[in-house]
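**Q** If you scroll down you'll find the structure; I have some questions about it.
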Amino acid sequence: MANQNKGLIGRYWSLLTNPTRIAMGIILALGFVAGIVFWGGFNTALEITNTEEFCISCHEMEANVYQEYRETIHYSNRSGVRATCPDCHVPKDWTHKIIRKIAASKEVWGKITGLIDTREKFVEHRKSMALREWKRMKENDSRECRNCHNFESMDFSEQGRRSVTMHSTALASGEKTCIDCHKGIAHELPDMEGVEGWH
Amino acid sequence: MKKRLTIVAFVSLLTSIIATNVAWADMGGVQSLRGLEELDANNTADSLKRVPRDRETFERDYLHQPPLIPHQIRGYKVDLNSNKCLSCHSWQNYKKTGATKVSMTHFETRDGQQLSDVSPRRYFCNQCHVPQADAKPLVDNNFNSVKPLAD
């Protein structure tokens, strides 16, 4: 038998490249099942971490940003349609979602070390956190806003005068994106010193 | 005949006094704009009036009147950290946003000193400027604008 002359790696290699039917079947079946379990489990975990309940299960979020957000248009409004935390903070498509989730592992570290576990600490850190969100949204052209607010579907005759003035010019031309003009749409603002367009 | 008339008049006067006393017993006799409602009872609340999103600017009625705000201001925060109003009304931003720029008086301290930025006493805009709901006045009003402002 040729196999006996080969080393362990060589034998494994030939098993993979030249397996018997049964071995092949078992490998495929196991792989398939494991795939489903891992993939399903992974995505389920992703989905669980992608709910508002999960976001505000953390006291840092519940006591600060959540309370502020409850007074804003995306929580209480005339149509009853809500935007929840992940709607604005987590991308919808898979690749971007994973990238955002990996970035979030740093936030888990912040949680463990109690970086923002009091209101004072939270407020002190708000600016750096807000700057990060603004940068992310600026770079992706406010993708999360646009998931719900489609520029093509905006009916200017239904909007206020001030909205039309800005939307039909700087927004339409692509010079500005939503977050350039709508900072603080869901939370209180940090000290705006040095932020473009603010005092 | 005359006597009978007096009695009728007297009786009706008496009943009307009693009737009003019963009705006003707990009101202290005061009828307010809220209507005749027992003090210990809640009267039905009027529906909230809406502030139109944008409207024409208001005419001013007297000199040095802080102009009324002709737009909604829901969620516009003015605090130590930020001033939403100035993000449109400041001299840096008014051209881009199409808003009226704050006038020179907003840069003055109370001793008339001119600052290079909005004076602290004019920082909290809503102290003086308020939006108007779409509501009819409750009481008639025949105020006339001063001559130079009346058409």
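**Q** Pairs please, first residue from the range A:34-53 and touching a residue at least 24 places away in the same chain (Cβ under 8 Å) and of a type in the set (Asp, Glu), second anywhere and part of a helix (DSSP H, G or I) and surrounded by 11 or more Cβ atoms within 10 Å (Cβ to Cβ), Cβ atoms under 6 Å, 6+ apart in sequence or on different chains.
**A** A:GLU52/A:CYS85
**Q** Step by step: first the residues of the range A:53-108, then only those that are of a type in the set (Lys, Arg) and not in a loop (DSSP other than H, G, I, E, B), then the one that is nearest to A:GLU120 (Cα to Cα). Which residue is that?
**A** Ranking the qualifying residues of the range A:53-108, first place goes to A:LYS106.
**Q** Another one. Which condition number does A:PHE122 fail, the rest of (1) out of contact with any helix residue (DSSP H, G or I) (no Cβ under 6 Å at 6 or more places or on another chain); (2) part of a helix (DSSP H, G or I); (3) over 29 Å from A:SER173 (Cβ atoms) being met?
**A** Tallying (1) out of contact with any helix residue (DSSP H, G or I) (no Cβ under 6 Å at 6 or more places or on another chain); (2) part of a helix (DSSP H, G or I); (3) over 29 Å from A:SER173 (Cβ atoms), A:PHE122 fails exactly one: (1).
**Q** For the range B:101-124, name all the residues that are within 12 Å of chain A (Cβ to nearest Cβ) and either over 27 Å from A:GLU188 (Cβ atoms) or touching a residue at least 40 places away in the same chain (Cβ under 8 Å) (or both).
**A** Initial filter on the range B:101-124 (within 12 Å of chain A (Cβ to nearest Cβ)): B:102, B:117-118, B:123.
Passing the criteria: only B:TYR123.
**Q** Same structure, new question: Just to be sure before I move on: is A:LEU131 modelled with pLDDT of 95 or more and farther than 29 Å from B:ILE69 by Cβ in the structure I sent?
**A** It is true that A:LEU131 is modelled with pLDDT of 95 or more and farther than 29 Å from B:ILE69 by Cβ.
**Q** B:PHE143 - would you say it is hydrophobic (A, V, I, L, M, F, W, C) and either exposed (fewer than 10 other Cβ atoms within 10 Å of the Cβ) or at positive phi (or both)?
**A** When the stated conditions are applied, B:PHE143 passes them.
**Q** Which condition from (1) away from every other protein chain (no Cβ under 14 Å); (2) closer than 25 Å to A:VAL195 by Cα; (3) surrounded by 14 or more Cβ atoms within 10 Å (Cβ to Cβ) is the one that A:GLU120 breaks?
**A** (3)
**Q** If I go through the range B:48-68 residue by residue, how many of them are without any contact (Cβ under 8 Å) to a residue 24 or more places away in the chain, surrounded by fewer than 11 Cβ atoms within 10 Å (Cβ to Cβ) and more than 14 Å from chain A (Cβ to nearest Cβ)?
**A** 1
**Q** Please determine, by comparing only the residues of the range A:54-74 that are in contact (Cβ under 8 Å) with a residue 40 or more places away in the chain and not hydrophobic (A, V, I, L, M, F, W, C), which one is farthest from A:GLU144 (Cα to Cα). Full working, then the answer.
**A** Kept after step one, since they are in contact (Cβ under 8 Å) with a residue 40 or more places away in the chain, are these residues of the range A:54-74: A:58-60, A:63-65, A:68-69, A:72-74.
Still in the list and also not hydrophobic (A, V, I, L, M, F, W, C): A:59-60, A:64, A:68-69, A:72, A:74.
Numbers: A:HIS59: 24, A:GLU60: 23, A:ASN64: 22, A:GLU68: 20, A:TYR69: 17, A:THR72: 17, A:HIS74: 13 Å.
Filtering first and then ranking leaves A:HIS59.
**Q** Another question about this same structure. Is the range B:77-95 home to any residue that is within 28 Å of B:ASN144 (Cα to Cα) and either among the polar types (S, T, N, Q) or more than 10 Å from chain A (Cβ to nearest Cβ) (or both)?
**A** For the range B:77-95, residues within 28 Å of B:ASN144 (Cα to Cα) and either among the polar types (S, T, N, Q) or more than 10 Å from chain A (Cβ to nearest Cβ) (or both): absent.
**Q** Let me ask something additional. Scan the range B:16-32 and give yes if some residue there is out of contact with any Ser or Thr (no Cβ under 6 Å at 6 or more places or on another chain), closer than 20 Å to B:PRO137 by Cα and at pLDDT below 90, otherwise no.
**A** Scanning the range B:16-32, I find at least one residue that is out of contact with any Ser or Thr (no Cβ under 6 Å at 6 or more places or on another chain), closer than 20 Å to B:PRO137 by Cα and at pLDDT below 90, so the answer is yes.
**Q** Here is a follow-up. Report the residue count in the range A:86-117 for those that are loosely packed, with under 13 Cβ neighbours inside 10 Å and closer than 16 Å to A:GLU62 by Cβ.
**A** 1
**Q** Sticking with this structure for a sec: Please find, among A:GLY184, A:GLY174, the residue that is of a type outside the set (A, V, I, L, M, F, W, C), closer than 23 Å to B:ALA99 by Cα and within 14 Å of chain B (Cβ to nearest Cβ). Give the derivation first.
**A** Values: A:GLY174 fails: within 14 Å of chain B (Cβ to nearest Cβ).
Exactly one residue qualifies, and that residue is A:GLY184.
**Q** Looking at A:GLU53, A:GLU71, A:GLU124, can you tell me which residue is among the charged types (D, E, K, R) and not assigned by TED's automatic domain parsing to the domain that holds A:HIS149?
**A** Working: A:GLU71 fails: not assigned by TED's automatic domain parsing to the domain that holds A:HIS149; A:GLU124 fails: not assigned by TED's automatic domain parsing to the domain that holds A:HIS149.
The unique qualifying residue is A:GLU53.
**Q** Would you be able to say whether some residue in the range A:63-86 is under 17 Å from the mean Cα position of the chain (by Cα), hydroxyl-bearing (Ser, Thr, Tyr) and over 30 Å from A:GLY194 (Cα atoms)?
**A** Scanning the range A:63-86, I find no residue that is under 17 Å from the mean Cα position of the chain (by Cα), hydroxyl-bearing (Ser, Thr, Tyr) and over 30 Å from A:GLY194 (Cα atoms), so the answer is no.
**Q** (1) in a loop (DSSP other than H, G, I, E, B); (2) under 19 Å from A:GLU68 (Cα atoms): which one isn't true of A:LYS127, the others all being true?
**A** Among (1) in a loop (DSSP other than H, G, I, E, B); (2) under 19 Å from A:GLU68 (Cα atoms), A:LYS127 violates only (1).
**Q** I'd like the full set of residues that are free of Cβ contacts under 8 Å to residues at least 60 places away in the same chain, under 19 Å from the mean Cα position of the chain (by Cα) and not in a loop (DSSP other than H, G, I, E, B), limited to the range A:135-179.
**A** Those that are free of Cβ contacts under 8 Å to residues at least 60 places away in the same chain, under 19 Å from the mean Cα position of the chain (by Cα) and not in a loop (DSSP other than H, G, I, E, B): A:LYS135, A:ARG136, A:MET137, A:LYS138, A:GLU139, A:ARG143, A:GLU144, A:CYS145, A:ARG146, A:CYS178, A:ILE179.
The values are calculated or read from the model by the stated rules, or taken from the named source; none is laboratory data. Keep in mind that what you see is a predicted model, and the values were worked out from it rather than measured. Reconstructed Cβ throughout: ideal geometry from the backbone, glycine too, with neighbour counts over all protein chains shown.
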